[in-house]
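What follows is one structure encoded as structure tokens, with my remarks underneath.
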Amino acid sequence: MPAPDPRRGFTLLELVIALVILAMIAGSVAAGIRLAVGSIERGEAVTRDAARLRAAVGIIERALMSTDPLPIPVGDNTTAYFVGEEKSVRFLTVGAPSAVHGGGSRLISFFERTAGEGSGIAVATASPFLAEGAERWEGTEKARILVPGGGELAFSYSMGPTEQGAWEWLPSWDLKEAGRLPAAVRVEFSVPSASGPRKTAFVVPVPAGGGTGG
């Protein structure tokens, strides 16, 4: 039997097997790269959404904390302006977002928009010296979406801690009845996420309110 020739090349079967193995390795590497890229993109999307939510919460907090008790024309009187409802809040502030106006005191409102040009938590501002009076301002004109897709918005209001240290929350705030601004506002809403709606809730103190509840 002749000795094998050391110069003999690969057989066709060996080449086919080698190509199949290389294809399997290349496929595994490509799948790993796709998974890595998808994971990075999802992580970046989560980071962007979290940053957008933090910015929105910051705008709401700054506006409420800067609630202005300055008297303005309301009806036939000149008085402070604050309309606290369960699904919306309208008030005078010196902390309206700078992207909306050039500075100074503004009427501002936060509410949930469910139709029209997009849905979500919206913000609108206006001059405190409207020709028709601040009491006629509905707070929805020229609004922009602050939290896209946000829903289940709810506001509640407190006079501050009672003598026993308890905080009582009201679904609305009547400035005439209370005689002053609320000491704090609680804000709740949900935001969409991959695992379903995620609840966000926070309490904002109103320095111009203050006082102790009864």
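So is LEU181 out of contact with any helix residue (DSSP H, G or I) (no Cβ under 8 Å at 6 or more places or on another chain) and touching a residue at least 60 places away in the same chain (Cβ under 8 Å) or not? Walk me through how you get there before you give the answer.
On the way: out of contact with any helix residue (DSSP H, G or I) (no Cβ under 8 Å at 6 or more places or on another chain): no; touching a residue at least 60 places away in the same chain (Cβ under 8 Å): yes.
Answer is no for this residue.
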The number of residues in segment 46-86 that are over 25 Å from the mean Cα position of the chain (by Cα), surrounded by 12 or more Cβ atoms within 10 Å (Cβ to Cβ) and either touching a residue at least 24 places away in the same chain (Cβ under 8 Å) or not in a loop (DSSP other than H, G, I, E, B) (or both) is 7
Which ones in segment 124-148 are surrounded by 19 or more Cβ atoms within 10 Å (Cβ to Cβ) and in contact with a Pro (Cβ under 7 Å, 6 or more places away or on another chain)?
ALA134
Restricting attention to segment 137-179, which residues are acidic (Asp, Glu), more than 24 Å from the chain's Cα centre (by Cα) and closer than 29 Å to PRO71 by Cβ?
GLU168, ASP174, GLU177
Considering segment 195-212, residues that are touching a residue at least 24 places away in the same chain (Cβ under 8 Å) and among the aliphatic types (A, V, I, L, M), and then whichever is farthest from ILE121 (Cα to Cα), we arrive at ALA208
Scope segment 107-136; condition more than 25 Å from PRO69 (Cβ to Cβ) and of a type in the set (S, T, N, Q); matching residues:
THR114, SER119
From the residues in segment 149-181 that are small (Gly, Ala, Ser) and under 11 Å from GLU85 (Cβ atoms), which one is surrounded by the most Cβ atoms within 10 Å (Cβ to Cβ)?
SER156
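Do we find that LEU15 is surrounded by 10 or more Cβ atoms within 10 Å (Cβ to Cβ) and at pLDDT 80 or above in this structure?
Working: surrounded by 10 or more Cβ atoms within 10 Å (Cβ to Cβ): yes; at pLDDT 80 or above: no.
Spelling it out, it is not the case that LEU15 is surrounded by 10 or more Cβ atoms within 10 Å (Cβ to Cβ) and at pLDDT 80 or above.
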Considering each of ILE108, ILE60, ILE72 in turn, give the residue that is over 19 Å from VAL204 (Cβ atoms) and not hydroxyl-bearing (Ser, Thr, Tyr).
ILE72
Among the strands (runs of 3 or more DSSP E) lying completely within segment 98-202, list those that include at least 2 residues that are more than 17 Å from ALA55 (Cα to Cα) and charged (D, E, K, R).
106-113
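Please go through segment 46-81 and give me each residue that is of a type outside the set (A, V, I, L, M), at pLDDT below 90 and closer than 19 Å to GLY133 by Cβ, ordered by number. I'd like the intermediate steps shown before the answer.
Filtering segment 46-81 for residues of a type outside the set (A, V, I, L, M) gives 47-49, 52, 54, 58, 61-62, 66-69, 71, 73, 75-79, 81.
Going one step further and asking which of them are at pLDDT below 90, we end up with 47-49, 52, 71, 73, 75-79.
Within segment 46-81, PRO71, PRO73, GLY75, ASP76, ASN77, THR78, THR79 qualify.
The values are calculated or read from the model by the stated rules, or taken from the named source; none is laboratory data. From a predicted model like this one, the values you see are computed outputs, not experimental measurements. Methodologically, a virtual Cβ is constructed for each residue, glycine included, from the backbone with ideal geometry; neighbour enumeration extends over all protein chains shown.
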